[in-house]
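Step one of this worksheet: look at the structure below.
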Amino acid sequence: MDYKFSLIGKRIPRIDSIKKAIGKALYTGDIKLPGMLYGRILRSPFPHARIRRIETQKAKRLLGVKSIITSVDTPKIKFGLSIEDELPLTDKKVRFIGDEVAAVAAFDEDTAEEALDLIQVEYEEISAVFNMEEALQPNAPKLHESADRNIAFRTFITRGDIEVGFRETDYISEEEFYTPLVHTAPIEPLCCVAQFDTDGRLTLWAPLQEVGRSIFPLAKALSLPLEKIRIIQPTIGGGFGGKNGIQPFHVISALLAKKAGSPVRLVNNRQEEMEVNRPAVPMKIWSRIGVKRDGRIIAKETKILADNGAYSGHGPPITIAAAVRFDSVYRQKNLKTEATLVYTNNIPTGAYRGYGATQIAFALESHLDIIAREIGIDPLDLRLRNATQTGDISVHGWNITSSGLVDCLKSVAKASKWGHRRKAKEDHGIGIACSIHICGLKSPTKIRGSTATVEIKKDGRVLIISGEGEIGQGANTVFSQIVAEELCLPLESIELSSLDTDKTPLSLGAFSSRVTVIGGNAVLIAASDAKKQLLDVAASLLGEKPGNLRLRKGMIQFGKHYRRSVSIGDVAGEAASRGAPIVGKGTYDTGLDLPDKNTLYGDIASSYSFAAHIAEVEVNRKTGVVNVLRLFCAHDIGMAINPMACEGQIEGGVAQGIGYALFEELKREKGKILNPSFTDYKIMRALDVPDIKCILVETNDPVGPYGAKGLGEEVTVPVAPAISNAIFDAIGVRVRQLPITPEKILYELTRK
């Protein structure tokens, strides 16, 4: 049996941490190419207007301007993730404040900015609509001719018999909640560098979360064949959903570079980032829930109204996620859901950590807390009574291969002293909330699963080539641990290739908490394949059978006392000299069909993770200020390949969730963002973060590598409802609209 370094389950610092700490990591903003120009985008000042004329001659005459583009310089091909409703530069009318109208490339940023001021656009303002309910009215201004009543997407879901279910209940409750426009707020804004070579081939350097999938919409928008596009992912300065996919921004940089004949760098300033980079989808959520006296959920009806903004992007799949994802937290049979995504003249919305689950969790977990209190059941007991368990087939047909939800609930209850701490002090409260998240979304795209290679060099170093990408979540460290474990090598021997579509396999990338499960399995298979090749070659060198050999600290050994051995590097060198270098290959596909596109019934992911959070708060009745004292966070992570990384994900996600709960919101008036800076848009700082107790619940899922599940998105989901429920426990009032500001608390106290 091989000697094990036991790197799996060890607290290992991230392998890229030193490079980032000393400023050696290469971000997109650090890229400087010979002859590089600087791009700027001219954006609409109106939320809805027809474009009558664009005059660029004055701007073209400005010294230092190299190229100017408008819609006439584009292929005018619409693109989009699920609904193709967007052009890189709008041709006939603008649909939100910030819509892209023209772009400039110049020798420096100041000249490019000056050129924007010289471009004259004649607009004809038309009526705009900013409210979702008003947008649905028959006489509302129409954003897209193809959308009836401004409905971008709608889905209806039924399971069981909702009417019978409600007749069988002992108690029925109706509530309505609202989640706001919230920015992903990465420190690094949208940025990219585009360059065409002499053969007309595009190279795009961009901090995209999903590089492989991005090639397809980019190729379509530019009217280029796939083989004419190369995307390279530099170090990413935060994503959280805001860098999930191609936007007009990326297409414009390529169009500028093509017309100028020079590389072009395009970077949002902070104001632009807050005004145009896609924030979370705001949702109004109404729910009616029926339960038995013992708290068992019998029937649930939900209506979701989601603000798409001017263009779709991730809006439709996020709406689907909100409609179905949270229903599998608890056992239930009868439900009815209607979810409608509405075009408005607001900023287009998009992915945000949790991908629809963050919004629906606030509504439904708050509602369950209300029900528990009204029927006289402990909120913890209500959740334990309904919790999804290992082996369940959920109401949407999800095969729950492992569930640690009950253990999560019991763990946080014990850690927080739930029974003793509730109402222990005046104006102190404690609240609980749960969540589920998918691990490894099955994709409807041309890319399925994940592919990786593990190449062993003749000096003993190992190179991992994967198409998944590191976006700050620690994927490269996890992949290195997996390979080091399989090959019994020190972590220092492992290297990873940077993400480059010319050199790395096309994979879906970092979203839906899929990288550890899907990408990790591919890396594990590749490492096992490399190991087999190693042992086969070593066996021929040592004159022994492969089964009699073992790996240990960079050596392949034979014999009782391992007197005969050969180094892994020598074996790799021998293999290369024979014309067959050791390159392990691994492909992992879920092998599962997608859910039915009409009913949405069926497994959507390889596995599912669960979590339970308890928040403890103190509320000042005079000022309405909420002080989050501590959070207890239990996460079913299958197997903690790197507990330190898991805790880091939880702590970061909780910090983001606190901001979502208490103060983050993009304020807007008639489509204009009023707080487009970190001065006015507050995010959590290190000194703001309360005590966070991380509890890792290991269920050893049969799907993931070594039993691991994903973690990166779910960590944010239960935070807001746990805090909201704790506030009610403290002062007896409930704010149903996020963020829960002091003003809203004081208003509710006056109504009490």
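The values are calculated or read from the model by the stated rules, or taken from the named source; none is laboratory data. The structure displayed is predicted, hence computed values, not measured ones. Every residue, glycine among them, receives a Cβ derived from its backbone with ideal geometry; neighbour counts consider all protein chains shown.
A few remarks follow.
- Any hit, segment 249-264, residues being among the β-branched types (Val, Ile, Thr) and touching an Asp or Glu at 6+ places or on another chain (Cβ under 8 Å): yes
- Residue within segment 130-142 that is free of Cβ contacts under 8 Å to residues at least 40 places away in the same chain and either over 34 Å from the mean Cα position of the chain (by Cα) or under 30 Å from residue 238 (Cα atoms) (or both) present: yes
- Count of segment 253-275 residues which are more than 13 Å from residue 196 (Cα to Cα), part of a helix (DSSP H, G or I) and touching a strand residue (DSSP E or B) at 6+ places or on another chain (Cβ under 7 Å): 2
- Within segment 84-104, the presence of at least one residue that is part of a loop (DSSP other than H, G, I, E, B), in contact with a strand residue (DSSP E or B) (Cβ under 8 Å, 6 or more places away or on another chain), closer than 19 Å to residue 126 by Cα and β-branched (Val, Ile, Thr) is confirmed.
- Residue selected from segment 75-120 under the condition β-branched (Val, Ile, Thr) and touching a Gly at 6+ places or on another chain (Cβ under 9 Å), by the criterion farthest from residue 54 (Cα to Cα): 83
- Subset of segment 254-283 (residues that are surrounded by fewer than 20 Cβ atoms within 10 Å (Cβ to Cβ) and closer than 14 Å to residue 40 by Cβ): 268, 269, 271, 272
- When 10, 76 are screened for being without any contact (Cβ under 8 Å) to a residue 60 or more places away in the chain and assigned to a loop (DSSP other than H, G, I, E, B), only 76 passes.
- Options 426, 486, 492, 468; residue that is within 29 Å of residue 353 (Cα to Cα) and of a type in the set (Asp, Glu): 468
- Top-ranked residue in segment 105-118 [being crowded, with 24+ Cβ neighbours inside 10 Å and not in a strand (DSSP E or B); ranked as nearest to the chain's Cα centre (by Cα)]: 112
- Just one of the listed residues (29, 64) is at positive phi and either surrounded by fewer than 22 Cβ atoms within 10 Å (Cβ to Cβ) or in contact (Cβ under 8 Å) with a residue 60 or more places away in the chain (or both), namely 64.
- Members of segment 737-752 that are among the polar types (S, T, N, Q) and free of Cβ contacts under 8 Å to residues at least 60 places away in the same chain: 750
- Residues that are surrounded by fewer than 24 Cβ atoms within 10 Å (Cβ to Cβ) and either more than 24 Å from the chain's Cα centre (by Cα) or modelled with pLDDT of 95 or more (or both) are absent from segment 709-727.
- Residue selected from segment 690-707 under the condition of a type in the set (A, V, I, L, M, F, W, C) and at pLDDT 95 or above, by the criterion nearest to residue 179 (Cα to Cα): 692
- Test result for residue 648, on the phi < 0 side of the Ramachandran plot and crowded, with 16+ Cβ neighbours inside 10 Å: yes
- Pairs, first in a loop (DSSP other than H, G, I, E, B) in segment 291-320, second among the aromatic types (Phe, Trp, Tyr) and crowded, with 24+ Cβ neighbours inside 10 Å, C-beta under 7 Å, six or more apart: 310/96; 310/343
- Number of residues in segment 32-63 that are in a loop (DSSP other than H, G, I, E, B) and either out of contact with any Pro (no Cβ under 7 Å at 6 or more places or on another chain) or modelled with pLDDT under 95 (or both) equals 10.
- Subset tally (residues that are surrounded by fewer than 20 Cβ atoms within 10 Å (Cβ to Cβ) and in contact with a helix residue (DSSP H, G or I) (Cβ under 8 Å, 6 or more places away or on another chain)) for segment 674-683: 5
- Here residue 519 meets the list (1) among the small types (Gly, Ala, Ser); (2) over 25 Å from residue 216 (Cα atoms); (3) touching a residue at least 24 places away in the same chain (Cβ under 8 Å) almost entirely, failing just condition (2).
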